[in-house]
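Student: Okay, handing you the structure first.
The values are calculated or read from the model by the stated rules, or taken from the named source; none is laboratory data. Since we're looking at a predicted model, the values are computed, not measured. With ideal geometry, Cβ positions are generated from the backbone for all residues, glycine too; neighbour counts draw on all protein chains shown. The protein model used for the area step is the full one, side chains on, heavy atoms only, and it has no ligands, DNA or RNA in it. Shrake-Rupley method; radii C 1.70, N 1.55, O 1.52, S 1.80 Å.
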Amino acid sequence: MTPLATAALVAGYERDLPIIKGIDFTLAPGGFVAVLGPNGAGKSTFVKAIAGLVPVHSGALSLRGANVTGLAPHELLRRGLAFVPQTENIFATMTIRENLQLAAAVLPRPARAGRIGAMLEMFPDLAHRSGALAGGLSGGQRQMLAIARALLVKPQVLILDEPSAGLSPKAVGQVFETLVRINAAGTPILLVEQNVRAALKVAARAVILVDGRLRHDAPAAELAGDPEIGALFLGAGHGEGARA
Amino acid sequence: MMIPQILLEGALTGALIGLGAIGLTLTYSILRFANFAHGELLTWGAYLSLSVAGLIGAATGASLPPIDPFSFTWALPVAGLIAMLLTAALALAVDAALFGRLRGRGASTIIVVMASFGASMALRSGLEFLYTSKPAYYTTELQIAMRLPAGMRATPDQLLMLGLTALVVLAVHLMLTRTGIGRAMRAVSENPALAGLTGIDTRKVIRVVWILGGALACAAGTMSGLLVQIRPYMGFDLLLPLFAAAILGGIGSVPGAMLGGLIVGICEAFAVHLIGAEWRAAVGFVLIILVLLARPSGLFGRAA
């Protein structure tokens, strides 16, 4: 069953100002899709609308065939959709363990400790300092904690908004390696990235958004070799943008 | 008067202020607005305790003896517990009728704060209408102050209140740091959007905050009514010290609110003895100004 699909999705912060202007999109089981596009194309708004953070004006969102349009983020999480925001994606004033305990609260009580243990095993960097405040972590470790928090609930779909932003090249490599591992284990991933080269290396498929509409949808390898795409994006820097 | 006695008197006022300030600091940090109607929750709590105690007295045939060595009968603690539930219900009702609607519309903070001013006036006037402005009392029993070490004197009621406050503060602190709902409250306070993405239902957390804030306000109001008197303006008059304590302790910090309350209470007591009783109210202002100048995040607050 299709883990995630949108049909004619129109969304935006203001009622009369749609930023996403009708997107039909499906994420296949086990898929790994990169959402690319120039600054201001609406990439972040698209995934935020899917996660329940930006109001959907019209159209539909479905998870495994069930219509979930208009649900709040906490309800979407319980239906299997986990979202890792670009910034402020951990609770800095709490310990690493507390961050994971918060996420585990949606699981049945007997399952909680086991899943927290599994995440700490998967991210050994976090395990040996689980009592430390999350605010003291480096950028790469924060991203790992944010991913662990999202993964802890065994989501049906994992969505990440520019997980490489602001990270050192080494940390970017580690984050993407982790995503590949997660996807290989069966979790479908939807990834928004400014870092087009890196995204096309890990994703199987990529969609390109321009002005709130879906312009291209192709296998990642094909796009990586397309000179037109190269001219469009690969010259562009890794600047902040595309937030609105 | 001797310094230990001034400290004790300050601690008594301060404990009440701290208890009220806990609810204020929680609503401030989680709902993100300064609730000027919080003082009225104290007052309503005090009057609800009075009414429920009166009903219990009427039902049991008003001839109960006071619980030795205290000044009140067992009707008051029972009434206090019931009134805590009623005050929590009142706080939820005000949120459903007013603040919740403004939140749903995405109203700006200043609108919500102004609405809380309105709620404060309406709740206070309601009490004056129902109970008149004449002071009321839970008991007319006289209490003799006991001699304590270091030349201090206090009534059994006062000592009981200090002990109860310490227990309540400890319980709230443990709840916030050790339980799932406490963690969820801290999460919403730090980042409501991320809390939602982590699976926390912020509406449920907000309900818990009102229940807790209302119940604690009722406890503070009832204790204040027992030690001083019950008046429709009692909570409103405490509002400035409550804010001073919450800001001094750092918005969102329960131990901070309690310590802030004690500092405000003790400063007030010294001001009364050293400068004059008419300067008591100025202490809260001076402390707020000093904290905002020197350390805006408060004693236990995190930097914004």
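Student: With respect to A:R97, is the statement that it is open to solvent by 50 Å² or more (accessible area, probe 1.4 Å), over 20 Å from B:V188 (Cα atoms) and within 11 Å of chain B (Cβ to nearest Cβ) true? Walk me through how you get there before you give the answer.
Tutor: Numbers: open to solvent by 50 Å² or more (accessible area, probe 1.4 Å): yes; over 20 Å from B:V188 (Cα atoms): no; within 11 Å of chain B (Cβ to nearest Cβ): yes.
No, not satisfied.
Student: Turning to a different aspect of this structure: Quick one: in segment B:116-141, of everything that is in contact with a strand residue (DSSP E or B) (Cβ under 8 Å, 6 or more places away or on another chain) and in a loop (DSSP other than H, G, I, E, B), which residue is nearest to B:P232 (Cα to Cα)?
Tutor: Ranking the qualifying residues of segment B:116-141, first place goes to B:P135.
Student: Could you tell me which of the residues A:A7, A:A72, A:A60 is free of Cβ contacts under 8 Å to residues at least 60 places away in the same chain and more than 27 Å from B:T202 (Cα to Cα)? I'd like the intermediate steps shown before the answer.
Tutor: Values: A:A72 fails: more than 27 Å from B:T202 (Cα to Cα); A:A60 fails: more than 27 Å from B:T202 (Cα to Cα).
Checking each option against the conditions leaves just A:A7.
Student: Taking B:I289 as the residue in question, decide whether it is without any contact (Cβ under 8 Å) to a residue 60 or more places away in the chain, part of a helix (DSSP H, G or I), away from chain A (no Cβ under 14 Å) and under 14 Å from B:Y28 (Cβ atoms). Break it down into steps so the answer makes sense when it comes.
Tutor: Working: without any contact (Cβ under 8 Å) to a residue 60 or more places away in the chain: yes; part of a helix (DSSP H, G or I): yes; away from chain A (no Cβ under 14 Å): yes; under 14 Å from B:Y28 (Cβ atoms): no.
No, not satisfied.
Student: Would you be able to tell me the number of residues in segment A:1-42 that are outside any strand (DSSP E or B) and either in contact with a strand residue (DSSP E or B) (Cβ under 6 Å, 6 or more places away or on another chain) or open to solvent by 40 Å² or more (accessible area, probe 1.4 Å) (or both)? Steps first, please.
Tutor: Of all residues in segment A:1-42, those outside any strand (DSSP E or B) come to A:1-3, A:12-13, A:15-16, A:18-19, A:28-31, A:37-42.
If we keep only those that are either in contact with a strand residue (DSSP E or B) (Cβ under 6 Å, 6 or more places away or on another chain) or open to solvent by 40 Å² or more (accessible area, probe 1.4 Å) (or both) as well, we get A:1-3, A:13, A:15-16, A:18, A:28-29, A:37-42.
Here the count works out to 15.
Student: Need the failing condition index for B:S253 against (1) in contact with a His (Cβ under 8 Å, 6 or more places away or on another chain); (2) over 19 Å from B:T87 (Cβ atoms), just the number.
Tutor: (1)
Student: Considering only residues that are open to solvent by less than 40 Å² (accessible area, probe 1.4 Å) and in a helix (DSSP H, G or I), which ones fall in segment A:140-160?
Tutor: A:G140, A:Q141, A:Q143, A:M144, A:L145, A:A146, A:I147, A:A148, A:R149, A:A150, A:L151
Student: Is there any pair with a first residue in segment B:226-238 that is closer than 12 Å to B:T13 by Cβ and a second that is surrounded by fewer than 23 Cβ atoms within 10 Å (Cβ to Cβ) and of a type in the set (S, T, N, Q) whose Cβ atoms are under 7 Å apart and which are 6 or more apart or on different chains, and what are they?
Tutor: B:L227/B:Q158
Student: To continue, here is another question. Could you please find all residues in segment A:43-79 being open to solvent by 10 Å² or more (accessible area, probe 1.4 Å), within 12 Å of chain B (Cβ to nearest Cβ) and part of a loop (DSSP other than H, G, I, E, B)?
Tutor: A:G52, A:L53, A:P55, A:L71, A:A72, A:R79
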